[in-house]
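For reference, the structure is listed below as structure tokens.
The values are calculated or read from the model by the stated rules, or taken from the named source; none is laboratory data. Source: prediction; values computed, not measured. For neighbour counting, all protein chains shown are included, and Cβ atoms are generated from backbone atoms with ideal geometry for every residue, glycine included. Only protein heavy atoms, including side chains, enter the accessible area calculation; ligands, DNA and RNA are left aside. Shrake-Rupley method; radii C 1.70, N 1.55, O 1.52, S 1.80 Å.
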Amino acid sequence: MNFEYGNRLVRAMALAGCMAAALGSGLMAPAVAQTPAAAASQPLVRGLPDFTELVTQVGPAVVNIRTLERISGSSRRGGGSGGPQMDEEMQEFFRRFFGVPMPETPRGAPRSQGGEPEEEEREVPRGVGSGFIISADGYIMTNAHVVEGADSLLVTLPDKREFKARIIGSDRRSDVALVKVDATGLPTVHIGDVNKLRVGEWVVAIGSPFGLDSSVTAGIVSAKQRDTGDFLPLIQTDVAVNPGNSGGPLLNMRGEVVGINSQIYSRSGGYMGVSFAIPIDEAMQVSEQLRASGKVTRGRIGVRIDQVTKEVADSIGLGKARGAMVRSVESGSPAEKAGVEAGDIIIRFDGKPIEKMTDLPRLVGNTKPGTRSTLTVFRRGASRDLGIVIAEMASDDDESGSKKPAASEPKQPSKATPGAESLGLTLSELSSAQKKELKLKHGVRVDAATDAAARAGLRRGDVILSVGNAEVGSVSDFETALAKTERGKTVTLLVLRGDMVQYVLVRRAAAAR
């Protein structure tokens with residue numbers, strides 16, 4: 001031992017002994033409160049959670065769902081020209097490691113008198129997933145993609161009881177399905193409150209990854225309201241979820257279901273640390289409609305929308321980036337009847353703010369068809385309320401706008417004007433026939449785009465509807481509106497291309513000195 005280090009250790013021990021003696025004799029008062037710095041140094045998280053009781057209580061209500069498909073085909077005795085047979089080792093490999101039993105090739109199919117094998121129909125395994133029982137009389141919730149295309153379902157409980165199940169209803173937009181088994185007195189899950197779920201909170205998934213029944217994995221909530229482009233905002237977690245987990249419950253630490261495990265982000269097909277669950281409150285609303293009618297009815301207004309960027313929001317005076325920009329309005333739709341115009345920014349629906357583009361279809365979709373609602377739109381620098389009657393969404397592509405034909409060649413001559421040329425634009429007036437064809441009341445046509453206009457993405461055939469918040473009905477209107485903008489600043493143009501509108505930001509050159 002280093003002697004200097006040893007001496008320091010002895011002195012420290014002696015000092016500690018003196019302090020202890022002083023405390024014992026009352027010469028030094030013990031500390032009665034921690035300093036703020038000491039309190040802040042205390043750990044916010046102590047120990048690791050124990051999931052055993054949770055799994056014991058909830059596990060019996062989580063089921064394995066196997067889907068079967070009926071196929072008809074012929075096979076030849078001895079595996080002749082009927083194709084190669086899958087050997088037993090390969091079948092065992094798929095069964096053990098992927099949880100998907102592969103159909104055995106019949107070794108002897110009945111033959112017809114003419115020597116040809118007879119056609120026979122049989123059920124073969126199609127896929128495997130998970131689900132959870134929400135009522136003691138046999139209603140089970142799972143994912144729509146788990147049961148999609150299945151001819152029959154087999155539900156297996158953890159106690160090994162097996163039931164044939166039927167599909168009550170399935171909704172592809174939310175990826176929620178409701179199935180039913182004929183049984184009573186089944187164990188059920190408890191439904192939790194998603195609004196109380198916090199980012200960083202521990203959560204547990206139970207399911208059948210790769211067909212391995214009643215597998216338990218745990219992690220934390222990574223994010224809420226994660227927008228993946230689907231109809232519902234999703235819960236993001238780092239819980240290990242793999243093929244076969246789909247449809248299983250995501251549980252909070254009270255053993256309550258807060259989501260349905262539905263998707264993973266993966267480049268390999270397996271878990272890579274990011275998984276998504278459908279919020280249980282949204283799923284329950286869907287399941288109630290499925291139970292009542294076997295389908296989900298949603299509202300629609302007939303617009304195609306896009307996000308609002310910060311640059312566009314600043315340029316048109318909207319303030320912060322919010323709302324949903326209307327790129328096109330479907331002919332004859334509720335939106336057209338209400339007076340919604342392409343280029344409007346929808347900022348509220350029935351008083352509820354639209355913070356991001358995807359808020360609008362979710363709010364409209366959850367509104368009963370026939371309901372009289374109010375849209376608040378931002379148009380040319382001011383807000384206005386529009387009354388609208390919600391229609392029913394009939395199919396996946398119901399919200400697509402009607403296609404408008406492209407504008408025909410201009411009948412009016414091109415005009416070279418100073419303002420337009422400063423942006424690299426050559427413009428022409430729209431004829432009455434073109435306005436009728438495009439269903440427009442105003443606008444000027446781009447005949448050529450170079451320099452700044454070309455760099456911004458403008459091209460021949462585009463129709464400019466407004467400059468900033470000023471409508472453009474002619475080339476003269478365009479010049480007047482452009483003259484009110486500062487040189488060296490960005491000019492905001494509302495442009496129609498095909499059947500869609502968009503905001504285009506063009507940098508205007510500074511004045512020459």
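The number of residues in region 280-301 being open to solvent by less than 10 Å² (accessible area, probe 1.4 Å) and within 18 Å of Thr237 (Cα to Cα) comes to 2. Flag: Ser174 matches the condition of being touching a helix residue (DSSP H, G or I) at 6+ places or on another chain (Cβ under 8 Å) and buried (at least 22 other Cβ atoms within 10 Å of the Cβ). Note on region 339-350: residues that are open to solvent by 10 Å² or more (accessible area, probe 1.4 Å), free of Cβ contacts under 8 Å to residues at least 40 places away in the same chain and closer than 15 Å to Phe378 by Cβ total 2.
When Asp477 is tested against (1) open to solvent by less than 60 Å² (accessible area, probe 1.4 Å); (2) out of contact with any Lys or Arg (no Cβ under 9 Å at 6 or more places or on another chain); (3) under 16 Å from Pro418 (Cβ atoms), exactly one condition is not met: (1). When region 44-82 is limited to residues that are modelled with pLDDT of 80 or more and hydroxyl-bearing (Ser, Thr, Tyr), the one that is farthest from Lys180 (Cα to Cα) turns out to be Thr52. In the set Glu429, Glu330, Glu409, Glu336, only one residue is at pLDDT 85 or above, of a type outside the set (Ser, Thr, Tyr) and open to solvent by 70 Å² or more (accessible area, probe 1.4 Å); that residue is Glu336. Scanning region 454-471 for residues that are closer than 17 Å to Val312 by Cβ and buried (at least 20 other Cβ atoms within 10 Å of the Cβ) yields Leu458, Asp462, Ile464, Leu465, Ser466, Val467. Look at region 182-198: where a residue is free of Cβ contacts under 8 Å to residues at least 60 places away in the same chain and a partner is open to solvent by 40 Å² or more (accessible area, probe 1.4 Å) and among the small types (Gly, Ala, Ser), sitting 6+ places away or on another chain with Cβ atoms under 7 Å, you get Thr184/Ala136; Gly185/Ala136.
Every residue, every condition in (1) part of a helix (DSSP H, G or I); (2) among the basic types (Lys, Arg), yes or no:
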position	(1), (2)
Ile167	no, no
Ser170	no, no
Arg173	no, yes
Leu178	no, no
Leu186	no, no
Asn195	yes, no
Val199	no, no
Ala205	no, no
Thr217	no, no
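Is it the case that region 217-237 has a residue that's in contact with a strand residue (DSSP E or B) (Cβ under 7 Å, 6 or more places away or on another chain), basic (Lys, Arg) and surrounded by fewer than 24 Cβ atoms within 10 Å (Cβ to Cβ)? Yes, that holds for at least one residue. Looking at region 493-502, can you tell me whether even one residue there is open to solvent by less than 50 Å² (accessible area, probe 1.4 Å), more than 22 Å from Asp306 (Cα to Cα) and of a type outside the set (Gly, Ala, Ser)? For region 493-502, residues open to solvent by less than 50 Å² (accessible area, probe 1.4 Å), more than 22 Å from Asp306 (Cα to Cα) and of a type outside the set (Gly, Ala, Ser): absent.
Taken across region 150-164, residues that are of a type outside the set (A, V, I, L, M, F, W, C), on the phi > 0 side of the Ramachandran plot and open to solvent by 10 Å² or more (accessible area, probe 1.4 Å) do occur, with at least one present.
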